[in-house]
1. Can you put Val91, Val39 in order, fewest other beta carbons within 10 Å first?
2. As a test of the formula, what do you get for the chain when each DSSP H run with n ≥ 4 contributes -39,500 (n - 2.57) and the sum is divided by the residue count, at 222 nm and rounded to the nearest 500 deg cm²/dmol?
3. Can you sort Phe177, Phe27, Phe170 so the residue with the fewest Cβ neighbours within 10 Å comes first?
4. May I ask for the net charge around Leu86, where only other residues with Cβ less than 11 Å from the Cβ of Leu86 are counted and Lys, Arg are +1 while Asp, Glu are -1?
5. If r is the Cβ-Cβ distance from Asp63 to Ala186 and R0 is 35 Å, what FRET efficiency results, to the nearest 0.05?
Amino acid sequence: MKLTFAEPTLSRVGRRLLRLLARTWRFRLSGEAPVAGLVAQRRPYILALWHSGILPLLFSHRDRGIVLLISRHRDGGHLADLAADLGYSAVRGSTNRGGEVGLLGLIGSLEAGNVVALTPDGPRGPAEHVQPGIVSAARHAAVPIVPIAARASAEWRLPTWDRMRIPKPFARVQVVFGAPILVGPAKEDARRALGELERALHALAGPA
């Protein structure tokens, strides 16, 4: 589970053009009350989003010091540059098998009080299927997972593995939050959280 951006997208559109496009989007937030409560309590948490919806959410949550898990591959480097421009910090690595460095980096960021964002279906799919790394990170750091999605009034869908969503110019973008998901210490708690998170993300994101 790595937070990556398709290299062809960035090379074709360009960071400057993306920033210009994003300035035309009109964001509206809904369901953010539980998140506001976590922020007021200074509690760290994990934002979970489908890989296809990463672009508008990067811009809606800019300049908040959120930590992203970003692939060590070349396409991850492009995302790291864009994320740095938008005020994000980064942990390079993975929470997949063999990705202990990425997982430990995330846990360390959470224990330091930071908010972390993950795409539980990345970096290469299967699309909109939650992989277990996000639950492991939440359980080890004892933090809630907050599902989040963005719905645009008009958008393009790219021919990538995740059918990435790009809102069209001047689109209305509704950013919706789900209820925080707590992960208990037992194995059955992890399985329950996986299913609950996947259902929540599907419900928030709407039709694929």
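Values quoted throughout were computed directly from the atomic coordinates according to the rules given, and no laboratory measurement underlies them. The shown structure was predicted, so the numbers you read here are calculated from the model rather than taken from an experiment. Every residue, glycine as well, gets a Cβ built from its backbone with ideal geometry; the counts of neighbours run over all protein chains shown.
1. Details: Val91 22, Val39 14.
Ranked by crowding around the Cβ, least crowded first: Val39, Val91.
2. Working: 8 runs with 82 residues, N = 208.
Taking each H run of at least 4 residues, the total per residue is -11500 deg cm²/dmol.
3. Details: Phe177 20, Phe27 17, Phe170 12.
Arranged by neighbour count, lowest to highest, Phe177, Phe27, Phe170 become Phe170, Phe27, Phe177.
4. Numbers: positive: Arg15, Arg19, Arg62, Arg64; negative: Asp63, Asp81, Asp85.
Its environment carries a net charge of +1.
5. The value I calculate is 0.35.
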